[in-house]
Amino acid sequence: MCGIVGYFGSKSAKSFLVDGLSKLEYRGYDSAGIAVVNDGKVSIEKHKGRLTNLTDNLGQGKAEGTLGIGHTRWATHGEPSDINSHPHQSSKGDITVVHNGIIENYLELRQWLKGEGYEFVSQTDTEVIPNLIHYYYEGDLFKAVVKATERLEGSYALGVVTGAEPDKLIAVRKDSPLIVGLGQDETFIASDIPAIISYTRDIYLLEDREFVVIGKDGAKILSADGSEIKKDVFKVTWNEDAAEKGGYDSFMLKEINEQPKAIRDTMASRLSMSHDITFGDFKLSKEDLNNIDRIFIVACGTAYNAGLMGRVAIEKLARIPVEVDIASEFRYKDPLVTNKSLVITLSQSGETADTLAVLRDCKKAGAKTLAITNVVGSTISREADDVLYTMAGPEIAVASTKAYTTQVVVMYMMAMYFSELKGLMTKELEKELKEALLLVPEKVQVILDKASEVEEIANLLTDETDVFYLGRGADYALSIEASLKLKEISYIHSEAYAGGELKHGTIALIEEGTKVIALLTQKSLREKMVSNIVEVKARGAEVIAIAYENDVLDESIFDKVIRIPELLNLVSPIVAVVALQLLAYYTARNKGCDIDKPRNLAKSVTVE
């Protein structure tokens, strides 16, 4: 979940390291540090807190040189502190390391290294790495890193330097993302593309256990035995402006407003009124699909919530049983995956550790695997049998918005594709669904243009400690994502419940003044949902409804109504979620929360 960067070239390493870390703070932001090699010495500067705490202490003459590594941290082992910050250094020399991931056997290694005379000052798992490398160091940093990593269990992306070899940077990855940027007389490493997009668009995508040796002649990719690996250069195509705020107060607000374009781009070339749905290289025959007896959708967080929406569409349109699971639970429950299973993994980054582990396990079980991700060249996209990309563009805010809506759009198109293959899709339904999906960007823009109305209603939630969401059918799946958005950026405790479950315990939580947000986009369930709303209203709840523009409602049971454009019921939650994203955003803003960097959270979860 942390972010690492590295540089070797003819310019100031410090300048790039600080700039690169600023682009990776979404990966972690409870401390930051850099290490720069100069005249055979390693100079380290690191501080608890945001990157500004580091930059405020980086005066002239500090950490100067043309070779260096940097780190922005999301704490796993040890509280945020100067001592626990990266880079970490060996107690017996200047082997210096930045690390993203978790070393699972660090306690065992720590005890053994203490017996060898090494001392430890931090609470981190990372500190064993430089000491272990030093133990194996005999004048060749690459060989020492190889030997050390053979003893590491867990996940890691590493950047390693030493003053003894002042013209060398070693990097390696295992289950944590790492890329190599190729510039003019300079080479970079980074956890993600935004860190280097201002400097180069040519990168290497590393696979697990591939080592990078960066020196005066550029970068060489080596296997553990030292043999060179030839790799194709991957060219980044998106614009660097896509990773900037572009005049918005926050990345989250910018990304909410980018959804019409992101959805339109995701449907482009795939969905048209004039031809069947096409997914490029992803093709299934009718025979292949008929051989699938169950679909597993596996993901984490917001991607899991998108999977809940996908299940609604696939089961309704394609009539295939779908199980949606949290990846961290799915891994350990001995799932009934066979060679007749289709396993769909969803991940915005394509690097989510638990989701990647599920993908690998299911491939071993003989299942067909399909990845839905936003990042071209990510690990999950490379390892799945097939991949469908969302076209959301870079998503920087920790709270996902446009990645969620584009994932849902992809799964809705996939549900239609499966339905057509099975011969279940009538021409009338196909036309109706296509028209509705193609209208989604326009309908989303209507909500964005009326954001001030949502902003006003958000004032009602600012001082709340508990908020409840109610929905039925697709609205219940949507309410789970809406609740997550509110709690992760405003820190208000919120829960989502199926309307029909109220009397099975939940209604005990309703008291005078409790805020309840009720979703009413599913007309077939309207009367049932209204009955549930009446029940909470009778217990003193204040109800905010999400309803269509022209719905005739009994105003006596609603305190406020957020009106959204009407659309086909199956598709309308994709539009409704934008109003709910805005509601969470304005509530968090009113509370003065750091919206792009919520406490204790980070964007790309690359550890268990």
Checking the structure you have, find out if any residue of the range 393-414 is on the phi > 0 side of the Ramachandran plot, within 25 Å of the chain's Cα centre (by Cα) and open to solvent by 10 Å² or more (accessible area, probe 1.4 Å).
yes
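Using the structure shown, decide if residue 50 is farther than 26 Å from residue 166 by Cβ and either free of Cβ contacts under 8 Å to residues at least 12 places away in the same chain or open to solvent by 20 Å² or more (accessible area, probe 1.4 Å) (or both).
Numbers: farther than 26 Å from residue 166 by Cβ: yes; either free of Cβ contacts under 8 Å to residues at least 12 places away in the same chain or open to solvent by 20 Å² or more (accessible area, probe 1.4 Å) (or both): yes.
For residue 50, the condition - farther than 26 Å from residue 166 by Cβ and either free of Cβ contacts under 8 Å to residues at least 12 places away in the same chain or open to solvent by 20 Å² or more (accessible area, probe 1.4 Å) (or both) - is met.
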I'd like to verify a number: residues in the range 38-89 that are within 20 Å of residue 178 (Cβ to Cβ) and among the charged types (D, E, K, R), how many?
1
Collect the residues in the range 327-358 that are open to solvent by 10 Å² or more (accessible area, probe 1.4 Å) and on the phi > 0 side of the Ramachandran plot, keeping them in residue-number order.
334
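State all residues of the range 241-284 that are farther than 30 Å from residue 588 by Cα, in contact (Cβ under 8 Å) with a residue 40 or more places away in the chain and not aliphatic (A, V, I, L, M); if no residue qualifies, say none. Walk me through how you get there before you give the answer.
As a first pass, look at the range 241-284 and keep what is farther than 30 Å from residue 588 by Cα: 267-284.
Adding the requirement that they be in contact (Cβ under 8 Å) with a residue 40 or more places away in the chain leaves 267-268, 270-273, 276-277, 279, 281-282, 284.
If the condition is that a residue be farther than 30 Å from residue 588 by Cα, in contact (Cβ under 8 Å) with a residue 40 or more places away in the chain and not aliphatic (A, V, I, L, M), then 270, 272, 276, 279, 281, 282 are the ones that fit.
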Which is touching a Gly at 6+ places or on another chain (Cβ under 9 Å), touching a residue at least 40 places away in the same chain (Cβ under 8 Å) and under 21 Å from residue 480 (Cβ atoms), of 358, 398, 324, 298?
298
On the basis of being part of a loop (DSSP other than H, G, I, E, B), surrounded by 18 or more Cβ atoms within 10 Å (Cβ to Cβ) and at pLDDT below 95, does residue 387 make the cut?
no
Here the residues within the range 569-592 that are surrounded by fewer than 21 Cβ atoms within 10 Å (Cβ to Cβ) and either at pLDDT 95 or above or among the acidic types (Asp, Glu) (or both) are 589, 590, 591, 592
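Looking only at the range 141-167, how many residues end up being more than 15 Å from residue 94 (Cβ to Cβ), open to solvent by 50 Å² or more (accessible area, probe 1.4 Å) and either modelled with pLDDT of 95 or more or touching a Ser or Thr at 6+ places or on another chain (Cβ under 8 Å) (or both)? I'd like the intermediate steps shown before the answer.
Quick first cut of the range 141-167, residues more than 15 Å from residue 94 (Cβ to Cβ) only: 142-143, 146-158.
Adding the requirement that they be open to solvent by 50 Å² or more (accessible area, probe 1.4 Å) leaves 143, 147, 150-151, 153.
Filter again for either modelled with pLDDT of 95 or more or touching a Ser or Thr at 6+ places or on another chain (Cβ under 8 Å) (or both), leaving 143, 147, 150-151.
Residues in the range 141-167 being more than 15 Å from residue 94 (Cβ to Cβ), open to solvent by 50 Å² or more (accessible area, probe 1.4 Å) and either modelled with pLDDT of 95 or more or touching a Ser or Thr at 6+ places or on another chain (Cβ under 8 Å) (or both): 4 in total.
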Can you confirm whether the range 2-25 contains a residue that is in a strand (DSSP E or B), without any contact (Cβ under 8 Å) to a residue 60 or more places away in the chain and surrounded by 24 or more Cβ atoms within 10 Å (Cβ to Cβ)?
no
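So is residue 419 in a helix (DSSP H, G or I), buried (at least 22 other Cβ atoms within 10 Å of the Cβ) and small (Gly, Ala, Ser) or not?
Values: in a helix (DSSP H, G or I): yes; buried (at least 22 other Cβ atoms within 10 Å of the Cβ): yes; small (Gly, Ala, Ser): yes.
Answer is yes for this residue.
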Kindly indicate whether any position in the range 309-316 is of a type in the set (Gly, Ala, Ser) and not in a helix (DSSP H, G or I).
no
Out of 451, 436, report the one residue that is under 22 Å from residue 279 (Cα atoms), at pLDDT 95 or above and small (Gly, Ala, Ser).
436
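How many of the residues making up the range 192-244 are aliphatic (A, V, I, L, M) and part of a helix (DSSP H, G or I)?
Step one: of the range 192-244, the residues aliphatic (A, V, I, L, M) are 193, 195-197, 203, 205-206, 212-214, 219, 221-222, 224, 229, 233, 236, 242-243.
From the residues that got through so far, the ones that are part of a helix (DSSP H, G or I) too are 193, 195, 242-243.
Going through the range 192-244 one residue at a time, the tally reaches 4.
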Sort through 499, 505 and tell me the only one that's over 25 Å from the mean Cα position of the chain (by Cα) and surrounded by fewer than 24 Cβ atoms within 10 Å (Cβ to Cβ).
505
The condition from (1) within 28 Å of residue 350 (Cβ to Cβ); (2) surrounded by 22 or more Cβ atoms within 10 Å (Cβ to Cβ); (3) of a type outside the set (Asp, Glu) that residue 84 misses is numbered (1)
Just one listed residue, out of 195, 224, is in contact with a Gly (Cβ under 8 Å, 6 or more places away or on another chain) and either surrounded by 15 or more Cβ atoms within 10 Å (Cβ to Cβ) or not charged (D, E, K, R) (or both), and it is 195
Given the residues 366, 377, which is the only one that is touching a Ser or Thr at 6+ places or on another chain (Cβ under 7 Å), assigned to a loop (DSSP other than H, G, I, E, B) and at positive phi?
366
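The values are calculated or read from the model by the stated rules, or taken from the named source; none is laboratory data. Since the structure is predicted, the reported quantities are computational estimates derived from the model, not experimental observations. Please note: Cβ atoms are built from the backbone with ideal geometry, for glycine as well, and neighbour counts cover all protein chains shown. When the accessible area is computed, the model is the full protein with side chains, heavy atoms only, and any ligands, DNA or RNA have been set aside. Shrake-Rupley method; radii C 1.70, N 1.55, O 1.52, S 1.80 Å.
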